[in-house]
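Below: one structure, written as C-alpha cells.
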Amino acid sequence: PECPFCGEAAGRELEAHVRARHGELLGAPGAGNGEQLYECPMCSLTCTNVQILEEHVDLHLEEHKFSEGTDLELAQRLQTEEDKRQRSAEEKREREEFKKLQRQYGLDNSGGYKQQFVKNMEREVDRGRMQPFEYHKRKADMMECLAFGIDDGKTKTSGVIEALCKYYQNENKDVRHVWLSTGVDHFHSSLGDRGWGCGYRNFQMLLSSLVQNSLYNDCLRDTTLVPSIPKIQSMIEDAWREGFDPHGASHFNNRLHGSKAWIGACEIYSLLTSLRIKCQIIDFHKPTGPMGTHPRLFEWVLRYYSTDNEGGPKVVCTSKPPIYLQHQGHSRTVVGIEERKNKTLCLLVFDPGCPSQEMQKLLKQNSDGTSLRLLRKFVGGLKEKQYQIVAVDGVLSLEEKAARCHASEVLTSEKIP
C-alpha cells in the first residue's frame, strides 16, 4: 500500500512510515491542542483530518482485499492439484480393475485352450508329476484332436443316467418320484480350460445328449462327434457371422477362437439356434423364496420334465434333453429332478468342476446313494441372485431360424416374475 501523504510504497510498515515521515499531520489522543482527532477503526492511528483518515482506511481495505485474493488463489490452486491427483489415482485403479476383469474373463490375449494345455503340462513336468514321454504323447494327441475339431474324451464319463435309473428303481427311502433326462455324458475341465471352460463343457454335455436323439439328426449331421472347445468357439463365431446376437458378438470383438473367454446363456442360445435347434432362455432375475432362494426355478424344471410324464412310475426316463443352468461366474447342467416324500424338490446337476474320478463312483451298481451328494441341489443350495436356463424343445424350420436371427438383434429372455 502507498502512503496517503507522499505516495511512497510503504507496504505493511505503513503505520510506522506515516508516524515517522508525516507525524505533523497526525494528532495523539489527549493532545490537548483543541483540534478534533479521528481514530482509525482498524489500527487506532489518530488523524487530525477526516480526508486523511479516509485515505488511510482505504489503504487498509486495499491491503485486506489483496491478502484475501492471494489466499483464495492459493486455495484454488491446491484444490485443483488435489482433484488432479485424485483423478489420476482413480484412472489408475480403473485401468487395473479393467485388466483384472480381462484376465478373469479371458479377454487379455494371453492365449487359449492349446496354449494353456501346453503350459500346464510343462508345469507338471517341472514339478515331477508328469514324465517327459507322457508330455510329448499327450501333446501330440491334443494337437491331433484339435486338427479334427473333436474332443479327446479324456474328461468324459458315460453311463451315469443309466446308473441313476437303476439306483432309483431300488431306492425307496426318501424319493417319491424322479424324472431323468435322456442319456448325457459328463465332461469336466481339463488342463486346457481349467478356470474358464465351464460354459463349453456344459454345451458338450447338452450336445452329447442331442446327438443320441434321432429328432436332431438333420440339425447335427455335421456334428456326429462332440467338438473340442476351440471348435465350439469357431462355431459360435460362425453364428455371429450369420447375424445372431450382434450385441454379444461386439462384447467379444467378434472373436473367441484362441482366447480363454467365458461364455454364457446367450452364446449357447445363439449357437443352438444357428444349428436350427429350438431353444429358449428363461431368466430367473430375482429370488422368489425366503433367504434368497429360487423355488420357482425348481417348479419350472419339474414342469419341464414331468409334462406328458405325470402319473407314471416312480422313475421316469424322459425324452427331454438336459438343461443348461447359468449364474454369475459358473454354469452347470440339470439332468433330472427328484420329488421327495416330504414334497420338497431336488435338482440333479452335472457340474463340469467335478472330476471324472468322482463321477465314476456313480456307476457302481451297489451304490448306497452317498455319491449322489455330488449331484443333488436342494432349494437352499441355489442362492445366487439371478439364474438363467437354456432349454431345448425341438427343431426349427429354416424360416423360423431366419426369424430368430433377425429378432436376436434385441435378444431377450422370458422373465419369471
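Every number here is computed from the coordinates shown, using simple stated rules; none is lab data. Remember, predicted model here, so these are calculated numbers, not experimental data. Backbone-built Cβ (ideal geometry, glycine too); neighbour counts: all protein chains shown.
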Margin query: Can you work out the Karplus-derived ³J(HN,Hα) for every residue in the stretch 278-285? Use 6.51 cos²θ - 1.76 cosθ + 1.60 with θ = phi - 60°, whole Hz, and x for glycine or proline.
Written below: 6, 8, 9, 9, 10, 10, 9, 7
Notebook entry, point to check: So how far apart, in nm, are the two label points at residue 165 and residue 62 if each is 7 Å from Cα heading toward Cβ?
Noted result: 10.5 nm
Check: Out of 319, 191, 281, whose Cα points farthest toward the positive end of the dipole of the stretch 187-327 (charges: +1 Lys, Arg; -1 Asp, Glu; placed on Cβ)?
Finding: 191
Notebook entry, point to check: Using the Karplus equation 6.51 cos²θ - 1.76 cosθ + 1.60 (θ = phi - 60°), what ³J(HN,Hα) coupling, rounded to whole Hz, does each residue of the stretch 313-319 give in order, writing x for Gly and Pro?
Noted result: x, 4, 10, 10, 8, 7, 9
Check: So which lysines can residue 231 reach, going by Cα to Cα under 29 Å and dropping same-chain residues fewer than 8 places off?
Finding: 99, 100, 114, 119, 137, 139, 154, 156, 260, 278, 320, 401
Next item on the list: Just check the stretch 329-372 against the gyration tensor rule for me: Cα atoms, a ≥ b ≥ c as the square roots of the eigenvalues, rounded for a/c under 1.5, and otherwise prolate or oblate depending on whether a/b exceeds b/c.
Entry: oblate
Next item on the list: Taking a cut-off of 18 Å between Cα atoms, list the lysines near residue 84, but don't count ones fewer than 8 places away on the same chain.
Entry: 92
Notebook entry, point to check: Among the lysines, which fall within straight-line cross-link reach of residue 364, defined as a Cα-Cα distance under 16 Å, with same-chain neighbours fewer than 8 residues apart omitted?
Noted result: 166
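Where the only charges are on Cβ atoms (+1 Lys, Arg; -1 Asp, Glu), what is the dipole of the stretch 157-415 about its Cα centre, to the nearest 20 debye? Provide the component values of the computation, followed by the final result.
Values: 31 positive and 27 negative charges, 169 e Å.
Here the size comes out at about 820 debye.
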Next item on the list: Place the peptides 117-125, 262-270, 327-335 in order of packing, highest mean first, counting for every residue the other Cβ atoms within 10 Å and averaging per peptide.
Entry: 262-270, 327-335, 117-125
